[in-house]
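Here is the structure we will look at.
The values are calculated or read from the model by the stated rules, or taken from the named source; none is laboratory data. It should be emphasised that the depicted structure is a prediction, and the values quoted were computed from it without experimental measurement. Cβ placement follows ideal geometry from the backbone for every residue including glycine, while neighbour counts extend to all protein chains displayed. Side chains included, ligands, DNA and RNA excluded: accessible areas come from the protein's heavy atoms. Shrake-Rupley method; radii C 1.70, N 1.55, O 1.52, S 1.80 Å.
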Number of protein chains: 4
Amino acid sequence: MSHPSENPADLDRQNPKAEIAARAEAYRNWGRWGDDDRLGTLNFIDAAKRVEAAGLVREGRVVSLSQSFDTNGPQKGWRRRTNPVHLMTDTGTDAERGNQGFPHGIGGADDYISMPLQCSTQWDGLGHIFDHGNAWNGRRAGEVVTSEGDQVTGIEHAASVIVSRGVLLDVARHLRPETGELEDGYAITAADLDATIAAQGSPVGPGDIVLVRTGQLTRTRRDGWGDYAGGPAPGLSLTTAGWLHRTEIAAIATDTWGFEVRPNEFDVPAFQPLHQIVIPNMGLTIGELWDLDEIAAVCAEAGRYDFLLSAAPLRITGAVGSPINPVAIL
Amino acid sequence: MSHPSENPADLDRQNPKAEIAARAEAYRNWGRWGDDDRLGTLNFIDAAKRVEAAGLVREGRVVSLSQSFDTNGPQKGWRRRTNPVHLMTDTGTDAERGNQGFPHGIGGADDYISMPLQCSTQWDGLGHIFDHGNAWNGRRAGEVVTSEGDQVTGIEHAASVIVSRGVLLDVARHLRPETGELEDGYAITAADLDATIAAQGSPVGPGDIVLVRTGQLTRTRRDGWGDYAGGPAPGLSLTTAGWLHRTEIAAIATDTWGFEVRPNEFDVPAFQPLHQIVIPNMGLTIGELWDLDEIAAVCAEAGRYDFLLSAAPLRITGAVGSPINPVAIL
Amino acid sequence: MSHPSENPADLDRQNPKAEIAARAEAYRNWGRWGDDDRLGTLNFIDAAKRVEAAGLVREGRVVSLSQSFDTNGPQKGWRRRTNPVHLMTDTGTDAERGNQGFPHGIGGADDYISMPLQCSTQWDGLGHIFDHGNAWNGRRAGEVVTSEGDQVTGIEHAASVIVSRGVLLDVARHLRPETGELEDGYAITAADLDATIAAQGSPVGPGDIVLVRTGQLTRTRRDGWGDYAGGPAPGLSLTTAGWLHRTEIAAIATDTWGFEVRPNEFDVPAFQPLHQIVIPNMGLTIGELWDLDEIAAVCAEAGRYDFLLSAAPLRITGAVGSPINPVAIL
Amino acid sequence: MSHPSENPADLDRQNPKAEIAARAEAYRNWGRWGDDDRLGTLNFIDAAKRVEAAGLVREGRVVSLSQSFDTNGPQKGWRRRTNPVHLMTDTGTDAERGNQGFPHGIGGADDYISMPLQCSTQWDGLGHIFDHGNAWNGRRAGEVVTSEGDQVTGIEHAASVIVSRGVLLDVARHLRPETGELEDGYAITAADLDATIAAQGSPVGPGDIVLVRTGQLTRTRRDGWGDYAGGPAPGLSLTTAGWLHRTEIAAIATDTWGFEVRPNEFDVPAFQPLHQIVIPNMGLTIGELWDLDEIAAVCAEAGRYDFLLSAAPLRITGAVGSPINPVAIL
């Protein structure tokens, strides 16, 4: 089998089905970690990788890679994805007034949240996307994720896994040094990724977690989200599937809603085609809506682009995604 | 001013108001980190502490310290604290059936959660408890936490802070070597904490995050929560306030609902009196409902009780608490 | 085809499958109101019935038949059914303090709710129960109710329908005149229903909405729900299916969690077998957790048991149930 | 005291504070129904009025006056007001597949909702708006509505009250006979209301519930809500306060987000000034986001504009508003 092209110009823009299928087949990892696998490429993280990553902590500095969870986010209700609604069950106003019924001057504030698990900075779990009714590792989608949640690959299985070496690829800064922002619709290629790595000097290999900065968040932070929720954005080209496979990275995250370029690279309707390849077929864990701006500044100043990345999901039983606060420790 | 006694036998069990007030005054840290402070004792974590902590990573192993987020938890509706409700907006059953309306065979599953932020493994933020209408650093409670959330000390301010050296104090195993479980109502004393440290051999000092295992979770895991939600439990004695202050620890967490012993040590009604001292007065961040069983086993086997602890809260704007998945990396 | 027995003693308590199937077949109304029907027995309500019902309004009195929506209800988390969580987004405490940012002295309070639609007084929609994968009118369940809701028989289709003559059958008072409470596990028979009607003097016929008081709510109001959520309760016997069919009533409601007797009348496991017959096969709309105590007292005093019943569901698109506040107007 | 002008041209557009205060004082009903009152103008509904209203049922027809509860509504997150999020806990897709674990072929679908109580068709309760820290009947706002809800005038107190004669005032059709739509920003005057009544022929008096159709919903149904959530709309002029008072109507509702005209009639910032007069001072219950289009057509055809209106709120303990499905029965 010849490998699918990694040049976007070679894509048959009339035939998403075939382009997706070729890559799904070429990069499918089903069975690679056994029939019972629940982790996919997170298996590439090993003990040595973590020890190596801890060795990158030299300044004792922590940078949060999370966007805020509040009503200023990009979600506008598409498929019932709203911004988080954070509500108080008790407040300081009440406590100060003394109406809470507690003795001896103690008062309290408590809170509550209602939110889609994918509303802000998050991991997509392996049960998030299916390809022709197949979930990760070749299971039938309907046997994996029912109304009661993901019975097999729920995000709780990754609760003690996602700590590794993180490598920032500031593709936006590399390709657009003056603005540091890729334009919406820009499809990042494998060549772009390699060129960024070469320029930055921090290599990428098995078990690493790669963070691709597109700069779109910088723009929305300045201009507002408007009615965004999945509109045009820079992101990975469908043709990076091979790169994502052969580098044996453990996971990847971007600073955008959808990870891959939007609109996508087809002239006929298609929806998140790179997701369709890498989640159910490759078993790749994907992060979205991360904030990579501060870490980009820190890395640029430090002259190095790797760090210890700690990004454990919440232990929500059966979830197909999780809100997170990933931290770079360096 | 003489220091309040650290011997529970000295407590005036008829006079919680005075016992609380004496300790609130003795251990108050208001102004210690400036008038604008939003972090309290988390300020004790410095860069050197984090570099030291990273140096503890020798095996490349990660242990999650989180309990599950699902309907099997201990919350029964008290003050509207329920267990989390996790719901699917899309499922694999639907995707496999092909009724989602996406082209070329892609399908998806998404999810949603409604939950109190304190329903399972969590940090209490500094806006969670007040003392006579005062919040952390001497601010008025009503100026800090309104119906719109914590306007000053929201948990988002700790988003890039809580990574430090963690030290497990397996008090339950030290005091009850045969069962590894303290009985409900057992009040852990400062002497118990020191004895455990001495026996384990890992000292505790400024900037450390201390994890106190009571073993109650082991018991509820075996016997079920029943209608728990804040019933009797082992926990810290009110008289440990001095220990919590002079050790200059950054934060503390336990495997129980309420951190401190329940019922408390008074013969007249009182409610979470140690909280009243340490959160608004001392500025101490408290973790509750952690799972310390696996890390206890790992530490016992390894013969050391310290590790890199990464426990960043979700970046929920204005929250007075946050669900977390703390991980020990060692 | 002979009609299934209406005597509970004739039930084969070892064979729920057969007993259910016989009644499902005997009382199936599929196609009775056309292939496109979305209303089932609600079709029995006609204009004349409503005019007749309005004529019952003689005192100008309104009685709410709703239980409260709050954390004191019977839901304990079974299948994620919790009691409602009602939260404030703004409060009077804040408004009085003047921290809401509005000009000229205006202040406000707003609120929010998270709840299962079946948590308190409710209608079960026709998409709520299936029989061997079949929904009401013979549609396939998976084509009716997906993760996006009930695409065919959503409760919104009944938004302008459920106003009719209501008839209270105070079976508890008739059978247990001293206590007015049926014991848990008591299976109300067709004979019981007819005897109650005869004693009360208000007949039941096509298009009526029948309200069966078991008195269990009186008991739980006195003794508390404990850990109820679907435990033992009085309710309709499986053998009333024929009565429900031949009377051509439009809908029926009880003051219990589950409408039918619990535990049910089989010696082997079965679950809500009468639901399985009457919702998907007969197309009967069922109300649960109604409060029939005040209306029972009013009817007893007035010496008549019928009234105008207005019980429109909320217009929640695609819902399979709806919280309601049914009112009797008499 | 002279009565405030009912001519909008007389308003001092620079001085909302004074214009509001004059009307608040002139039309204040505090104490009118006793110190313990929780109902305000709903007290105007009496038994005779309800019997009269029931007499209006001549055709046996029911018209729902509710808009839909779904993600197509006007709420865009302002002050955390989102459209409702309706989610399934069980589905027919799962049931048909047989993965729910129930015996003998029974399957089920259940659902859940998270929503602001004011997200779609609703009543504002008396605890919804305050005037200078005062709630209805002169109570202090902070003693009425805390984080635990409305402790005094919660909507549950109206659970068996709001059934009366409804009168539609199709002001839009009367003033704009060709389009049936008032333009955004049009302030409906007392003269407009009286002219509409005169033209329609159904008088308005004590205890009636008045429904004012502006036609804005017709427009948004055609053009979409866009990013509405409280933008410009036709609605009642501030100067109608006197009319609302002297007619002694029980309640009023419109087909708009905010009942009163938006933007309001001042040249300096003000917020919902008519609310500030009529809710806390007059004790008037207000309905918003009703759908008055079908009833307008029905009334026009029937040549009469009054009917039995049944609009009981959900019995949500302590709520300051309630989602409803009001029905006109005629």
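Summary of computed values
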read-out	value
Among (1) open to solvent by 10 Å² or more (accessible area, probe 1.4 Å); (2) more than 8 Å from chain B (Cβ to nearest Cβ); (3) of a type in the set (D, E, K, R), the one test that A:ASP124 misses	(1)
Boolean, A:ASP94 is assigned by TED's automatic domain parsing to the domain that holds A:ASP255 and open to solvent by less than 20 Å² (accessible area, probe 1.4 Å)	no
Selection count, segment C:56-93, where residues are outside any loop (DSSP other than H, G, I, E, B), over 15 Å from D:SER147 (Cα atoms) and at the interface with chain D (Cβ under 7 Å from one of its Cβ atoms)	7
Restricting segment C:164-212 to residues that are surrounded by 17 or more Cβ atoms within 10 Å (Cβ to Cβ) and without any contact (Cβ under 8 Å) to a residue 24 or more places away in the chain, the residue that is nearest to the chain's Cα centre (by Cα)	C:ASP192
Leading residue by the ranking (surrounded by the most Cβ atoms within 10 Å (Cβ to Cβ)) among those in segment D:290-303 that are in a loop (DSSP other than H, G, I, E, B) and in contact with a helix residue (DSSP H, G or I) (Cβ under 8 Å, 6 or more places away or on another chain)	D:LEU292
Residue pairs meeting the criteria (Cβ under 7 Å; at least 6 apart or on separate chains; first surrounded by 12 or more Cβ atoms within 10 Å (Cβ to Cβ), in segment B:7-18; second among the aliphatic types (A, V, I, L, M))	B:PRO8/B:ALA187; B:LEU11/B:LEU238; B:ASP12/B:ALA18; B:PRO16/B:VAL268; B:PRO16/B:ALA270
Pairs where the first residue, in segment D:250-265, is in contact (Cβ under 8 Å) with a residue 40 or more places away in the chain and within 25 Å of D:ILE45 (Cβ to Cβ) and the second is of a type in the set (Lys, Arg) and in a loop (DSSP other than H, G, I, E, B), C-beta under 9 Å, 6+ apart	D:THR254/D:ARG213; D:ASP255/D:ARG213
Checking A:ARG81 against (1) buried (at least 24 other Cβ atoms within 10 Å of the Cβ); (2) under 20 Å from the mean Cα position of the chain (by Cα), the condition it does not meet	(1)
Evaluation of D:ASN134 against (1) out of contact with any Pro (no Cβ under 6 Å at 6 or more places or on another chain); (2) open to solvent by 20 Å² or more (accessible area, probe 1.4 Å) (one fails), failing number	(1)
Count - residues of segment A:38-64 that are more than 20 Å from the chain's Cα centre (by Cα), charged (D, E, K, R) and buried (at least 21 other Cβ atoms within 10 Å of the Cβ)	0
Cross-chain or 6+ apart pairs with Cβ under 9 Å, segment C:145-163 first and outside the structural domain of C:ASP131 (by TED's automatic domain parsing), then crowded, with 24+ Cβ neighbours inside 10 Å and modelled with pLDDT of 95 or more	none
Which listed residue, of D:SER322, D:SER310, is touching a Pro at 6+ places or on another chain (Cβ under 6 Å) and either modelled with pLDDT of 95 or more or surrounded by fewer than 24 Cβ atoms within 10 Å (Cβ to Cβ) (or both)	D:SER322
Residue count, segment A:288-330 (criterion: more than 7 Å from chain B (Cβ to nearest Cβ) and either touching a His at 6+ places or on another chain (Cβ under 7 Å) or among the aromatic types (Phe, Trp, Tyr) (or both))	3
Selection count where residues are touching an Asp or Glu at 6+ places or on another chain (Cβ under 6 Å), among the hydrophobic types (A, V, I, L, M, F, W, C) and either part of a helix (DSSP H, G or I) or under 19 Å from B:ALA22 (Cα atoms) (or both), scope segment B:209-268	3
Matching strands (runs of 3 or more DSSP E) fully within segment C:94-187 where at least 3 residues are closer than 24 Å to C:ASN264 by Cβ	C:122-124, C:129-131
